[in-house]
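The structure appears right after this line, and notes come after that.
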Amino acid sequence: MRNLAKPYINRPLEKHERNNRLLPNKPAPIPVAWPQMSVIRMNSTYLECVDYYFERKGMGTFLSLSMLAALVYAFLLPVLISIERWPDLTETKRLQLLALDIVVLIVSALFIAVVIYFLRLDCFNYTHYPIRFNRKTRMVHAFLPWENGKILSIPWEDVFFVPTSEEHDSEFAIHGHLLSEDKKTVLDSFLLPIRSDWDSEYRYLQWEFIRQYMTGDEKKLAELTKMVGIVMNVGDRRERPFASFYRVFASLGGIQHPLTSFFFSPLIVIGTIGRIIAMWSGKIPRWPAEIEATCQYSPDDPYLRDGKHLTPRKEMPAPDVSQYAGK
């Protein structure tokens, strides 16, 4: 399976991409909209969403820190034993023990360097990588995680949206490609927020929410606004600890199956600790002034949804998509 951490770019469009493009003016195979806990802020000018990696942020931090602690212990233990035994050893034994400790140090240092590299993928960068869809300028702006916060800006009608390949990718996700002028080469790419199982009837819902926001009229915008019962309040601040817990709880199915979440309680605790560390070690992404200038909205905007303008403050029930089972 291919790794979705960094899109495969600077290459020709693949056959499955040419055959499965999602068109902005055409409903998805499952034409039901739902935000799926992806909205940071919504108004009549723009929709801002979290990134594809937001849901699982923190798990890599906890695992990396655990491995780092184990490696440090694995190195210190033989060193402490050597120090304790040193006075009773002959000169030859001391040289042998010293050589062994040096080998252990080198091997441990290599593994520690690898762990720190993976830790930095989750910590000490941005708290999240937002994507902004502007209805009025018809532009899409996306922070790119693999480019250290580089922002990709593409006209909405020019973005080549396409699902990942079931043949190559373990999860269903949707790419937004920037193509060359001849429309044959992928120059850059970003991922929409929600990942899904391939057989899930919910896999297109978040895409459809974005598509309808960008193409719908005022009546449709009002309908979409009512769906946003919860927002990810990270637009201008770090995620609060309880919000980190709630996000991990939700990603492990706690909202749909509260009782069974008891069995995942260790993972929820581990994920929450790692997520808090990752969030509070990172910096909040800031949009450049030139982008902010095109994203102004009225404080009394009737379609405003963010951390301060949200009613009701609860997750809305998922739509019934049972009629689309098997599609």
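Does region 161-169 contain any residue that is among the small types (Gly, Ala, Ser) and under 16 Å from the mean Cα position of the chain (by Cα)?
no
If I go through region 141-172 residue by residue, how many of them are part of a strand (DSSP E or B) and free of Cβ contacts under 8 Å to residues at least 40 places away in the same chain?
Count: 5.
Considering only region 292-302, I want to know if a residue exists there that is at pLDDT below 70, buried (at least 18 other Cβ atoms within 10 Å of the Cβ) and not in a helix (DSSP H, G or I).
No: region 292-302 contains no residue that is at pLDDT below 70, buried (at least 18 other Cβ atoms within 10 Å of the Cβ) and not in a helix (DSSP H, G or I).
Here is a list: Leu63, Leu80, Leu71. Which entry is under 25 Å from Ile273 (Cβ atoms) and either of a type outside the set (A, V, I, L, M) or out of contact with any Ser or Thr (no Cβ under 9 Å at 6 or more places or on another chain) (or both)?
One residue alone meets the criteria, Leu63.
So for region 19-41 (the condition being of a type in the set (D, E, K, R) and touching a residue at least 40 places away in the same chain (Cβ under 8 Å)), does at least one residue qualify?
Scanning region 19-41, I find at least one residue that is of a type in the set (D, E, K, R) and touching a residue at least 40 places away in the same chain (Cβ under 8 Å), so the answer is yes.
Is it fair to say Ser38 is small (Gly, Ala, Ser), surrounded by fewer than 14 Cβ atoms within 10 Å (Cβ to Cβ) and within 26 Å of the chain's Cα centre (by Cα)?
no
The values are calculated or read from the model by the stated rules, or taken from the named source; none is laboratory data. Everything numeric here is computed off the predicted structure, so don't read it as measured data. Quick reminder, even Gly has a Cβ in these numbers, built from the backbone with ideal geometry, and neighbours come from all protein chains shown.
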